[in-house]
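Report on the structure given below.
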Ligand SMILES: [Ca+2]
Ligand SMILES: [Ca+2]
């Protein structure tokens with residue numbers, strides 16, 4: 001009897017223990033998805049970096065993707081002999097951060113379980129002129145790191161050894177207490193030590209050792225002004241490109257592309273990107289708008305000096321698309337210099353068996369206008385389906401920017417079109433319109449369907465920036481000058 005009671009008690013305890021383990025196990029699975037053979041331990045510890053080593057036993061918590069970066073194309077991190085930080089590491093190991101084959105920073109760390117190295121919130125930002133990192137003060141007391149920066153023909157060099165969260169926290173003159181000026185380190189391969197930091201420059205790469213914290217910044221020599229390059233045709237108002245970096249530059253042709261497609265049709269469009277600067281560029285392309293109609297064949301282009309590469313975009317108009325005018329932009333950005341060029345893509349979708357058509361044309365003299373002025377447009381509407389029999393239609397005219405924002409919309413006009421109807425309309429360009437390219441859309445509604453067409457125009461901040469007008473003014477001035485000189489000579 002007593003034996004039986006003991007047995008029941010023992011079975012009860014075992015069942016209870018199994019139940020607790022089971023619940024904890026399910027719980028751990030829900031939290032982390034961790035599954036490990038080490039059952040008794042795994043059930044209560046997560047594996048946040050998903051390397052199969054529960055956090056409790058993991059000296060390095062983190063993955064490459066956890067590092068917040070800017071200006072880095074291909075971040076890789078090696079730890080000791082391992083080609084990635086996935087896993088756990090023991091004792092002194094060298095950690096190296098690379099962008100492709102280029103070393104960005106390195107340090108040797110004593111990996112241990114009491115002070116786990118955590119890559120959450122780690123930042124590494126690189127540009128032509130600086131490297132900035134924040135590692136949440138995780139280097140141990142006798143550990144230091146080295147920062148590397150490609151020498152971009154620097155005249156000045158400044159090191160800041162404080163835990164900052166952005167490069168902008170560095171003083172422009174390198175005069176803050178934790179800042180060290182290393183102007184004399186440039187081209188000095190023997191090295192200079194100052195404030196515990198040692199700086200080397202082999203002419204190509206600048207390296208500074210013994211950093212506890214943040215950043216290294218160079219200031220490029222002011223380059224001699226280059227021969228003024230002719231403004232590339234079709235890249236928008238002149239004047240804009242002169243504010244950008246002289247070292248990196250590129251053009252995209254065309255800067256606006258218009259495509260007319262029937263519903264269900266597809267077409268490939270191609271852009272040429274030419275590197276017109278003095279450095280290699282890495283272009284990434286971002287699509288804004290037209291996500292349902294256009295797909296990029298590639299999103300990244302590496303272009304050497306003077307080289308031209310092409311980018312294809314495939315346009316497909318699903319048969320259910322409403323006839324109309326669709327706009328979007330492609331932003332080409334050089335990840336090294338941050339330089340951007342935008343191009344506009346305008347897709348006019350038509351119905352194959354349309355009974356009605358419309359065309360919109362802006363006369364040449366209204367193609368470049370000032371904000372607050374009027375543009376004139378010639379609208380032609382054709383009754384194709386019921387030629388000769390008047391059809392009642394509604395006409396809407398609006399101005400749209402490349403982000404599909406309507407700046408102006410006229411009220412709907414009701415018209416009867418027998419065969420063809422031509423109209424001229426004056427459309428106000430709002431005074432607050434920023435300089436840029438715009439689309440004037442004419443949309444005609446008949447029955448339960450629509451037809452639309454467009455033309456583009458540019459709003460300039462000042463007509464003096466129009467290269468054509470500038471050229472004309474110079475020409476007129478020259479003619480007057482020579483006429484005056486000739487007359488003087490005759491006298
Ligand atoms: Ca882990
Ligand atoms: Ca790990």
So residue 352 fits all but one of (1) surrounded by fewer than 16 Cβ atoms within 10 Å (Cβ to Cβ); (2) modelled with pLDDT of 95 or more; what number is the exception?
-> (2)
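Against the condition at pLDDT below 95, more than 16 Å from ligand 1 (Cβ to nearest atom) and surrounded by 18 or more Cβ atoms within 10 Å (Cβ to Cβ), how does residue 69 come out, does it pass?
Values: at pLDDT below 95: yes; more than 16 Å from ligand 1 (Cβ to nearest atom): yes; surrounded by 18 or more Cβ atoms within 10 Å (Cβ to Cβ): yes.
So residue 69 passes the test.
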Among the residues of region 205-217, the number that are assigned to a strand (DSSP E or B), buried (at least 22 other Cβ atoms within 10 Å of the Cβ) and modelled with pLDDT under 95 is 1
Would you mind telling me which numbered condition in (1) over 15 Å from residue 324 (Cα atoms); (2) not in a loop (DSSP other than H, G, I, E, B) residue 433 fails?
-> (2)
For residue 125, indicate whether it is at pLDDT 90 or above, more than 16 Å from ligand 2 (Cβ to nearest atom) and surrounded by fewer than 20 Cβ atoms within 10 Å (Cβ to Cβ).
-> yes
Of 411, 376, 453, the only residue that is on the phi < 0 side of the Ramachandran plot and touching a helix residue (DSSP H, G or I) at 6+ places or on another chain (Cβ under 6 Å) is 376
Could you tell me which numbered condition residue 105 fails, if it satisfies all but one of (1) surrounded by 20 or more Cβ atoms within 10 Å (Cβ to Cβ); (2) within 16 Å of ligand 1 (Cβ to nearest atom); (3) modelled with pLDDT of 90 or more?
-> (2)
Across region 137-152, what is the total count of residues that are surrounded by 14 or more Cβ atoms within 10 Å (Cβ to Cβ) and either under 17 Å from residue 178 (Cα atoms) or not assigned by TED's automatic domain parsing to the domain that holds residue 194 (or both)?
-> 4
Any residue at all in region 361-376 that is surrounded by 20 or more Cβ atoms within 10 Å (Cβ to Cβ) and over 35 Å from the mean Cα position of the chain (by Cα)?
-> no
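Out of curiosity, is residue 155 in the same structural domain as residue 188 (by TED's automatic domain parsing), modelled with pLDDT under 95, on the phi < 0 side of the Ramachandran plot and not in a loop (DSSP other than H, G, I, E, B)?
Working: in the same structural domain as residue 188 (by TED's automatic domain parsing): yes; modelled with pLDDT under 95: yes; on the phi < 0 side of the Ramachandran plot: yes; not in a loop (DSSP other than H, G, I, E, B): yes.
Considered against the rule, which asks whether it is in the same structural domain as residue 188 (by TED's automatic domain parsing), modelled with pLDDT under 95, on the phi < 0 side of the Ramachandran plot and not in a loop (DSSP other than H, G, I, E, B), residue 155 comes out as yes.
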Residues of region 392-413 being under 30 Å from the mean Cα position of the chain (by Cα) and assigned to a strand (DSSP E or B), in sequence order, are 398, 399, 400, 406, 407, 408
Pairs with Cβ under 6 Å, 6+ apart, first in region 47-59 and under 10 Å from residue 88 (Cβ atoms) and without any contact (Cβ under 8 Å) to a residue 24 or more places away in the chain, second outside any helix (DSSP H, G or I) and within 9 Å of ligand 2 (Cβ to nearest atom) = 54/47
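The values are calculated or read from the model by the stated rules, or taken from the named source; none is laboratory data. The structure presented is a predicted model; accordingly, all values stated were derived computationally and were not measured. So basically every Cβ, Gly included, is an ideal-geometry build from the backbone, and we count neighbours across all protein chains shown.
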